Every structure is written in structure tokens, then in C-alpha cells.
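Presented below is the structure to which this report refers.
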Amino acid sequence: MHPSIHAAAHPDKAAFVLAASGESVTYGQLEARSNQGAHLLRSIGVQAGDGVAMFMDNSPRYYEVLWAAQRGGVRFTCISSKLTAAEVEYILRDSESKVLVASAGVAEVALQVAPLVPYVKLFMVDGAPGADLAPFASFEAARAAFPTTPIADESGGSAMLYSSGTTGRPKGVKRGAPEGPQPIDPPSPLAMVGAALYGMDADTVYLSPAPLYHAAPLGWSMAVQALGGTVVLMERFDPEAALAYIEKYQVTCAQWVPTHFVRMLKLPAEVRDRYDLSSLKCAFHAAAPCPVPVKQAMIGWWGPIVHEYYAGTEGNGFCAISAAEWLNKKGSVGKGLTAQVKICDDAGEELPARAEGGVYFAGGGDFEYHNDPDKTAESRNRHGWTTLGDVGWLDEDGYLFLTDRKSFMIISGGVNIYPQEIENLLITHPKVADVAVIGAPHEEMGEEVVAVVQPIDGAEAGEALAAELSAFARANLSHIKAPRRIDFMVELPRHATGKLYKRLIRDAYWGKGAGTIV
């Protein structure tokens, strides 16, 4: 399916709504504007297979640019709106993008990028009419000159997204695709999974609380539009506003990350009880491990509609677990649906049930890292199975339990310690808003376990709270896992999608000394 099909059948139905402003764009309008955008791209020499980049916040024009690129056969790259000019320039160069479409909301950084990429055509959306956007041209004004009918050589395009760079420079992920022109409405694997697992269809009202430049909200919301449903797009996440939008727009389905759950659960009970959430039939989460107490609390609040999946931008595998299954397999991310899950040792040998090792997918989707054959090779073992770099184990029934990312492992006194377990405990403390656990240099042990905590009340950061959290950790963890040191940070560098830039925190200890972070 494709939005163009729904535009023909139901032109006045909302394809998406901006949650805060209420701006609504119908399928008919999306069809006309995406066609005009495709004509504009062709007029400046962008052909099928070329690269176009989007550096935008959650703008009402985002989907219009996306679907213009998709029906033009373009390889589109969505860039985080939180990046610096140098980081954006790196992705533009590495992705070989010919066009950059920025939004006015990120204009300050976009204007810094412009002189760094003289070879890229520059457009901006959401600029005030008649405003001087130079060297950017108004995307809306430029496309208005073109017809609303399809281009003659439509071809299905696809995303080439970049990893968030939590452990190094971002990697462009290229999924395997057939050669030559493709239909614009091929079967959507994500739409099929959404229909089968979460009941998505043309009646779905889907709340997207996260930035569209991330793979999950991008993919799922485009899948909803391929099915003919309506996307309610939050301009930015706010825990109480999310509950209000579920009630206001009668949301039936929504995707979250554990950080969203934590923030909603820490709202006062009278606030959480204020909103009617009865329209919500399905909530699913991914992107980061969810602490068992948090997941259990969400199921207790919303009922057995809280599902989970495990997958990556690479598209090499997909695990899923329902709420009912999870209650019997607490902590699991599910069983493999699109590929077989394998647990392997460092030599690539498959390990038995309950043995911990690298998580690999066999028989899943193919991918490579753009311009990085070494990273592509590192993601395979000798069997050709692929990994996202996570560590975990399978139980006797084939359910996957994640331990952590291999690159986050702490080695203290020769003992391997995975931060995830410690983070999952500390986040449940009522005075903790967010937490990251890292290994810091230690003269005797090699590394020591350090918890960097974002308190709910910043005024409480200090020795008393550190002692309270240390006692809490020691009461619930083995001595070797309990943090030897607790530091505080006003706000952790967490991606809006829930992923933590742990490398930045770790660098403060390894690269710039071990002074307390504030």
C-alpha cells in the first residue's frame, strides 16, 4: 500500500496531525505536495538512487518531503536535529547527499553547515513567507511551481539512516535492495508486522512521541500512512501532554521508549488519573532495554496492551513479545520473528541455552555500513550471521534476554560487569530521574563502576543522596556490581529517542580526567 492509494479513495482523511498545533494534512494534500516535491527534485537533477538529506525537527512538512523523496526513488537520510554543524557536514559528505532540506527550527546550525557543503543544494521549510533564507531557498515556494500529478518516472526510494553514534562516529546503514527502478508501493514489511502484531489498519490513530529522524518513529509512522491510518505527531515529548493527546485524538496505538515510561510513571498519581486512555488498544516499545519494574508498572497501569520488540536500523532481525508472554518471561525481548536468534562465543561458535554471548541473527535481512567495509565485516561471524553488538542469552524456549552492549562492558578486577543491570535498579529509586553506569579508570582494579545520576530534584545532588543510592545498590546487588562512586549531572546526554550518549559521559573520565560531573 501507499499514501497515493488512500488519497484516491479518501482524499479528505487526515494523513497526519501535529499534536500541539492541531495542524492537519489530508491524504489528498499529502499526495499533491509529495508529487510537487518529486518534480522539484527531478528539476534540480536528483535521479533515482541519489541521496537527499533532511535536517529537521518534527516539522509539519517532514512527511511531505519524505514521501516526495520516496516516490522519486531517492535514498533519503534523516539527520538528528541535535547534531553540531561539523557532525551534519560529516553525514552529508559520507552519505553523498545532493540536497539538504532543513527546517527553520534548526536554522542556526543549518546556516553554519551551508558554507561547509558548497556542492549541496539547500532548501528550508517553515520559513516565514518572504523571509530571507539565503543561502537556503524556500522548499514550499520552490515546489509550488510544479504540477500536483506524479512524475513520469516514479520509483520507490528508501531510507539510509545513520546510527546515533553512541560509541563512535555514526554509521550509514544500507539495507539490501534489488537493482533498478522499484514500484512505489512494494509490500511494507513493517506495515505487515504492525498489522499482524499490533492490529494496525486504516482505522489506526498512531501517536508518535519521538523525533522522526530516528528509525523507529520514521518507519512506523510511514507504515501507518501506507496502511491509510492517521499519525498524531508530537512536536516534542512531554509526559503529561502525551496522556492528554491520547485522550484528545482518541489514539489507538503508540510507540514508546523506556525513558517515556519512566517519565510518565513519575508523574503524580492525580495527574496520571486525570486522562481517559481507554481508546488506546496497543502500546509497544523498543530502542533501549526496559527495566522489569518499569515494564510491570506500565502493564499494571495500562493493562496487557504493552508489547515490546527488539530490532535495529540494520533490519537484520526482529524479536517480539506480547504483554501476556512477558509476564511469564519477565525481562525478555521476545522470540525471533524474521530471523533465527543465535548466541555465539567470540570464535563464532553457537552456545547452548542460558549461556551468555553475542546476539546474532541468521537468515535475516542483509545490510552493510556505507563506506565502511571494516565495520560491515565486524558485524558478521564466520557463519555469515549478523549482530548489532548486543550481548544476551536464550532460554530453553527460545526467548531472548539482553544483557547489555558489548562495548559498554566494564572489566573490574578481571570480572565482567554489564551496566544495564545496575541502571535498571537505580532508575527505580524515587529520587532518580535518569542514570548512566560506566567504567572509570582505577589504579588497582583497572576499572571501577561509576553511576552518573540525574536527580529528580537537582538541589538534592550531593553526599547524602550519593550515600542513600549506594546503600540502595548494595542492598540489591552483589558487592562487585554496586557502584564504588556516584556522581551527579544536571541532565544526561540522552538522545530524544531514548538512547544514551554514554560515550560522552565515559570520555569525561577517560579523556578529561575523573572529576565530578555537574
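The values are calculated or read from the model by the stated rules, or taken from the named source; none is laboratory data. All values reported here derive from a predicted model rather than from experimental measurement. As a convention, Cβ positions derive from the backbone with ideal geometry for all residues, glycine included, and neighbour counts pool all protein chains shown. Calculation scope for accessible area: heavy atoms of the full protein, side chains included, ligands and nucleic acids excluded. Shrake-Rupley method; radii C 1.70, N 1.55, O 1.52, S 1.80 Å.
In this structure, does ARG405 turn out to be touching an Asp or Glu at 6+ places or on another chain (Cβ under 7 Å) and basic (Lys, Arg)? For ARG405, the condition - touching an Asp or Glu at 6+ places or on another chain (Cβ under 7 Å) and basic (Lys, Arg) - is met.
Taken over the range 157-169, the criterion of being modelled with pLDDT of 85 or more and in a loop (DSSP other than H, G, I, E, B) is satisfied by GLY157, MET160, LEU161.
The residues of the range 253-290 that are open to solvent by 30 Å² or more (accessible area, probe 1.4 Å), under 14 Å from ARG494 (Cβ atoms) and over 15 Å from the mean Cα position of the chain (by Cα) amount to a single one, ARG263.
Here the strands (runs of 3 or more DSSP E) wholly within the range 66-151 that include at least 3 residues being within 22 Å of the chain's Cα centre (by Cα) and within 22 Å of SER163 (Cβ to Cβ) are 75-79, 97-103.
Counting residues in the range 469-478 that are touching a residue at least 40 places away in the same chain (Cβ under 8 Å) and within 23 Å of the chain's Cα centre (by Cα) gives zero. Scanning the range 60-74 for residues that are modelled with pLDDT of 95 or more and either touching a Gly at 6+ places or on another chain (Cβ under 8 Å) or not aromatic (Phe, Trp, Tyr) (or both) yields ARG61, GLU64, VAL65, LEU66, TRP67, ALA68, ALA69, GLN70, ARG71, GLY72, GLY73, VAL74.
Among the residues here, GLU396 qualifies as modelled with pLDDT of 95 or more and open to solvent by 30 Å² or more (accessible area, probe 1.4 Å).
Of all the residues in the range 195-227, those that are farther than 16 Å from PHE16 by Cβ, crowded, with 23+ Cβ neighbours inside 10 Å and modelled with pLDDT of 95 or more number 1. When the residues of the range 146-165 are filtered to those that are hydrophobic (A, V, I, L, M, F, W, C) and over 30 Å from LYS502 (Cβ atoms), the one that is most open to solvent (accessible area, probe 1.4 Å) is ALA152.
Conditions (1) open to solvent by 50 Å² or more (accessible area, probe 1.4 Å); (2) over 25 Å from PRO211 (Cβ atoms); (3) modelled with pLDDT under 90; (4) of a type in the set (Val, Ile, Thr), marked per residue:
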| position | (1), (2), (3), (4) |
| --- | --- |
| VAL450 | no, yes, no, yes |
| ARG485 | yes, yes, no, no |
| LEU504 | yes, no, yes, no |
| GLY515 | no, yes, yes, no |
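Could you please find all residues in the range 266-322 being in a strand (DSSP E or B) and among the acidic types (Asp, Glu)? Matches in the range 266-322: GLU308 only. Could you check the range 62-85 and list, in sequence order, the residues that are among the hydroxyl-bearing types (Ser, Thr, Tyr), over 16 Å from LEU41 (Cα atoms) and in contact (Cβ under 8 Å) with a residue 40 or more places away in the chain? Those that are among the hydroxyl-bearing types (Ser, Thr, Tyr), over 16 Å from LEU41 (Cα atoms) and in contact (Cβ under 8 Å) with a residue 40 or more places away in the chain: SER80, SER81.
Among all residues of the range 170-185, there is none that is part of a loop (DSSP other than H, G, I, E, B), open to solvent by 60 Å² or more (accessible area, probe 1.4 Å), over 19 Å from ASN316 (Cβ atoms) and modelled with pLDDT of 95 or more.
When we screen VAL224, VAL251, VAL231 for residues that are of a type in the set (A, V, I, L, M), over 24 Å from SER332 (Cα atoms), in contact with a Ser or Thr (Cβ under 7 Å, 6 or more places away or on another chain) and part of a strand (DSSP E or B), the only hit is VAL231. Among the residues of the range 355-362, are any surrounded by fewer than 16 Cβ atoms within 10 Å (Cβ to Cβ), modelled with pLDDT of 95 or more and hydroxyl-bearing (Ser, Thr, Tyr)? The answer is no, given that none of the residues of the range 355-362 is surrounded by fewer than 16 Cβ atoms within 10 Å (Cβ to Cβ), modelled with pLDDT of 95 or more and hydroxyl-bearing (Ser, Thr, Tyr).
Checked against the criterion of being in contact with a strand residue (DSSP E or B) (Cβ under 6 Å, 6 or more places away or on another chain) and among the β-branched types (Val, Ile, Thr), the candidates VAL262, VAL292, VAL271, VAL251 yield just one match: VAL251. Per the listing PRO304, PRO293, the residue uniquely over 30 Å from ARG382 (Cβ atoms), surrounded by fewer than 21 Cβ atoms within 10 Å (Cβ to Cβ) and in contact (Cβ under 8 Å) with a residue 24 or more places away in the chain is PRO293. Restricting the range 130-144 to residues that are touching a helix residue (DSSP H, G or I) at 6+ places or on another chain (Cβ under 8 Å) and open to solvent by 40 Å² or more (accessible area, probe 1.4 Å), the residue that is nearest to PRO181 (Cα to Cα) is ALA144.
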